[in-house]
1. Out of all the residues in segment D:67-98, which are surrounded by 15 or more Cβ atoms within 10 Å (Cβ to Cβ) and of a type in the set (Gly, Ala, Ser)?
2. Is there a residue in segment A:330-345 that is surrounded by fewer than 23 Cβ atoms within 10 Å (Cβ to Cβ), at the interface with chain D (Cβ under 9 Å from one of its Cβ atoms), among the aromatic types (Phe, Trp, Tyr) and over 18 Å from A:Leu364 (Cα atoms)?
3. Are any of the residues in segment A:465-480 free of Cβ contacts under 8 Å to residues at least 60 places away in the same chain and of a type in the set (S, T, N, Q)?
4. Examine segment C:174-190 for a residue that is aliphatic (A, V, I, L, M), in a helix (DSSP H, G or I) and modelled with pLDDT under 90, and state whether such a residue exists.
5. When you scan segment A:115-142, how many residues do you find that are more than 20 Å from the chain's Cα centre (by Cα), crowded, with 18+ Cβ neighbours inside 10 Å and under 22 Å from A:Asp26 (Cβ atoms)?
6. Please go through segment D:92-110 and pick out each residue that is part of a strand (DSSP E or B), over 28 Å from A:Leu149 (Cβ atoms) and under 13 Å from the mean Cα position of the chain (by Cα).
7. Could you look through segment D:207-235, keep only residues that are within 30 Å of D:Gly173 (Cβ to Cβ) and surrounded by fewer than 17 Cβ atoms within 10 Å (Cβ to Cβ), and pick out the one that is modelled with the lowest pLDDT?
8. Considering B:Gly31, B:Gly59, which residue is without any contact (Cβ under 8 Å) to a residue 24 or more places away in the chain, on the phi > 0 side of the Ramachandran plot and within 7 Å of chain C (Cβ to nearest Cβ)?
Amino acid sequence: MNTEALSSSSYLGEGAGPAAWLLTTDHKRVAWLYLISLTAFFFLGGAMAVLMRIELATPAGDLVSDDVYNRLFSLHGIIMVWFFLVPSIPATLGNFLLPLMIGARDLAFPRLNLASWYVFMLGSLFALASVVFGGVDTGWTFYTPLSTLYANGFVSMAALGVFTVGFSTIMTGINFIVTIHTLRAPGLTWFRLPIFVWTMYATALVMVLATPVLAASLILIVLERMFGIGIFNPALGGDPLLFQHLFWFYSHPAVYIMILPGMGVVSEVLPCFSRRPLFGYKAVALSSMAIAVFGFLVWGHHMFVSGQSAYAGVLFSFLSFCVAIPSAIKVFNWSLTLRKGEITFETPMLYALFFLALFTFGGLAGLFLAALAIDVHVHDTYFVVAHFHYIMVGGMVTAYMAGLHFWWPKMTGRMYPETWGRIAATVTFLGFNLTFFPQFVLGFLGMPRRYHTYPPEFQFWHILSSAGAVVLAIGYLMPLFYLGWSLFRGARAPANPWRATGLEWQTASPPPPHNFDAMPKVSRPAYDYAMKGLQHEKFSPHKDEA
Amino acid sequence: MSDIRKLTFVYLVLLALLALTVGSSSFDLGGFNSALNLVIAAAKAAIIATMFMQLSSGGILPRLAVAATGLWLAILFGLTLIGR
Amino acid sequence: MGASTESVAFDKPAREQAADTFAMWIFIGSEAMLFGAILLVFLIARISYGPAFAAASHHLSLPLGTLNTVVLITSSFSMALAHLFGNRGRWRASTWSLAATALLGLVFLGIKAAEYTMEFREGIAPVLGVPFTYDGPDPVHAEFFFGLYFAMASLHAVHLIGGIVVIAGMLVMWSSATQSSRLRRVRAIGLYWHFVDIVWVFLFPILYLINR
Amino acid sequence: MSFGIPFTPPEASSIAGSVDLLFYTLLAFTALLGVFLTSLVIFYAVKYRAGSSADRTGERARSLPLEVTWTVASLLIAFVIFGWGAALFMRREHPPLEALEIAGLGKQWMWEFRHPGGQREINELHVPVGKAVIVSLASQDVIHSFFVPAFRVKQDAVPGRTTHVWFIASEPGRYRLFCAQYCGTQHSEMGGFVTAMPPEAYAAWLGNQGQGETLVADGEKLFGALGCSGCHGNSSKVRAPDLTGIFGRPVALDNQQTVIADDRYLRDSILNPKKEIAAGYEPVMPSFDGLVDEGEMQMLLAYLKSLSARDTTKSEAIH
């Protein structure tokens, strides 16, 4: 293969040097800007988690002081939620793939897309600068009146940083919604869209409508701290619980911002490596939308013991059980997709199967939290910590890894080393369960979250969890090295290494700057793996249609 | 020029509604003052949206955005007020 | 092709125009959620402390508030005219209307500043540690009202300033822009401006007209 | 058997058993479903691995009956769990009438409890076994959360309002007390033990604590010191409502509405007297916001409540 010819016709070869990357409006390059910055944030937040787990290996607070510990978990939460999980799949894979999957040349607003990255960097670095001055110790939830009247950290700075990042989220959301509505290729009807696109749409909807409410609550916190306006101050007639309502109106749907894209990735990977259409395509597509809407109706389940009225608690519990249904439907459909397939176990498939297991167990744990009487006991304990890490890390990060490996050949034009990939996936899965399963037991025993020290009888489970964290860290560090290596030394990737059906596989790997040489037309449903001729890596599924 | 005339008419209607709001506030309507004010404000907003912002002639998509926003605001207000 | 679209993603200007408008409406929806959340905070406080809020509201200047509403509605009107003239290719008239819009925005801010000054003098501005000397009943919750008043009015003012800056920037780069891109920008800023107007249409009765 | 490794928290309250029954039922159900799904996926993965000779004819990408079945089944199961959990939860709202009321105050970073007899404890709480105990919670500063895992109870203490949690300890013992809501630097140090003891031992313990002023007596003193008795007392010159027997009674307001004089109403009337004015009285009472802290508020409320209890249980009060 001729290296020169390839690089000059791919988006990677279009101008080198910092300016060509930092001023690009090509969605594929913006995706890389995000990918690099998010990777840095992920490992920064991860390092804090490892430090906390080492501290928690013993009941006493012997490694770091209580103040430092509180700052560690606050920043771990802020970084992981807002600077990694919320943008993770949408801003990297979504940015790269959305136009390719719907047969467009770019997102609807390429400059807005680049601007969103700058705003993201501005906000996140501003928030992180607070660490230099001394950090924040409010937890990522910024509960009032702790955050407004009692916290001595740089709360306003962190809040303003998160506020700014919110703008970048909204920009991405608007861009995605408009792109999906207006730039689909001829013949690509809504029910022919890949599920990944559906989930991007649902995610963008939540981003656009929930983020401003977070912005409002953060503004009010900053006003209270800097200007003394007592909006959540009970002494001035304010209501601290009102903050929780506003905060969770955003932050519960934000959980769906974080998990829906992961569901999208898995819905691409499972059919491809099973060589089968996705089971119940319409149900999966519509349940994504249902999750996006119903996700807004359940925030009160974070407040069952907060002092809100018991009847509101009952209502929110009921709605929480309802929102579990679309997720359950998805799990059933994914499982049935494997039936009568021709299954192979490349790295993306391994990650996807691990996602399925971890998401299922995390989701089932959610039933305990939605059940009122049990939640009273396990609320604010490690049970909650374990539950959301099963969804966010076991679910979302695993899906992210699946997607990264699946589309790595498309993004870089190189194959990753398969053996290393499989090892890393397995190590991650084992390390993850070792880290977080003991936390379910701890939670049931009554171990409260955000504790710097703890009673000695809990130590056994904490040691298991800390040991798991080390394994997990190794599992996440391995791809950093072998993917980095494959960027330069990996085998050349063909256009369609997985013999997949999506439009993104129809163009070269890596794609040319304008995405498609000839604008594609679509006349088939998604995941048509029964199609003849798909055995060949060079086969382009949509080209034979006139 | 009928378009200019139309816009001017809309402008005058808005001013008239404003006068109505301010005027009504000097009468005691037995607790309905706030409700009336909000109804008038909603009417003004609807006029601005349809006439100045051309919501009515902009196709289905803008209306979709407005409907979604309305639904979500209703959720925010409704469930928060229930939760208290 | 391509000459008249600004984004490489589109090949037809009409399609791009629809996308622009849709994007602005989504953005406006997003902004509405922002103001909605703060209005909700106000509403709940108003339910809890009605009499204190009504009494405090009487300390705001109704004449200036009304005048400001007139100014803002007028600016919306001139913004609508700018769009109309732009559509007809009457660019001189369009430019003047835009300038008038921005100017009316500045007038609004000026009047608002005058109000703020009066309120600071009266000692009913509970911000930045200024002593709060309110002589009505229930000063604690009146302070809450004024706090919310300053928060909401200032957030609105910040939005207005943003609009004025964008219009000014557009006018500076006016001569170098093609007609289609001028029209595109007028349409976008117009939607934003009208939305900011709508926000004030709600803020005015809510803040100034409680049981007058 | 467990080699000193804890797997389950102790069950030491009247509700712990029923909460655990729901928990273990749900655990069994989720474990079954989880194992079933996992086995199904592994079974498919092995049977339909590429190159296997499994029969692949008759494949279908959807099946409406199947999808409807599992959707409806999931819904039904969800509703059952919901109803069960909610029914148990609603018990929180209905404490037994005969209960021992202890005032709990959270502050950075300690729990302070006061027994009806005035006995004060820090980060320790002694309760009798077999008797309902209501802990009325308040907070001096930020949100705290009263959490006793062995009792399966948890309730946030929110500044500016009074919340309640009740339980009946069923097993004598010493159980962990935590603050579950993150409350600042020494959050993990905020807690101690709840000691459940047989009623006789509890009575003896109370006796050994030294006879301090009771909460009610402190409240009565404060009622005088703050000048409340000047207006609300019998010989007052200003007309103000008589507060005897006020607690739990309906109060007619000047806006034609009626409220029950509960904790919230009394607290609001002290801090924000203009909000709900009793019908027939001038709104002349000044606000005591900033003049009484949460601890003093608890004393005042205890005193006001005692005014209701006195008529019926006068002999007991004298004794």
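1. If the condition is that a residue be surrounded by 15 or more Cβ atoms within 10 Å (Cβ to Cβ) and of a type in the set (Gly, Ala, Ser), then D:Ser74, D:Ala78, D:Gly83, D:Gly85, D:Ala86 are the ones that fit.
2. Scanning segment A:330-345, I find at least one residue that is surrounded by fewer than 23 Cβ atoms within 10 Å (Cβ to Cβ), at the interface with chain D (Cβ under 9 Å from one of its Cβ atoms), among the aromatic types (Phe, Trp, Tyr) and over 18 Å from A:Leu364 (Cα atoms), so the answer is yes.
3. no
4. At the first step, the residues of segment C:174-190 found to be aliphatic (A, V, I, L, M) are C:177, C:183, C:186, C:188-189.
If we keep only those that are in a helix (DSSP H, G or I) too, we end up with C:183, C:186, C:188-189.
Now drop any that are not modelled with pLDDT under 90, which leaves C:183.
Yes: segment C:174-190 contains one or more residues that are aliphatic (A, V, I, L, M), in a helix (DSSP H, G or I) and modelled with pLDDT under 90.
5. Residues meeting the conditions: 0.
6. At the first step, the residues of segment D:92-110 found to be part of a strand (DSSP E or B) are D:100-107, D:110.
Narrowing further to those that are over 28 Å from A:Leu149 (Cβ atoms): D:100-101.
Of everything in segment D:92-110, just one residue is part of a strand (DSSP E or B), over 28 Å from A:Leu149 (Cβ atoms) and under 13 Å from the mean Cα position of the chain (by Cα), namely D:Glu101.
7. Ranking the qualifying residues of segment D:207-235, first place goes to D:Gln211.
8. On the way: B:Gly31 fails: within 7 Å of chain C (Cβ to nearest Cβ).
Just a single option satisfies the conditions, and that option is B:Gly59.
The values are calculated or read from the model by the stated rules, or taken from the named source; none is laboratory data. Note that the structure is predicted; figures quoted are calculated from it, not measured. Every residue, glycine as well, gets a Cβ built from its backbone with ideal geometry; the counts of neighbours run over all protein chains shown.
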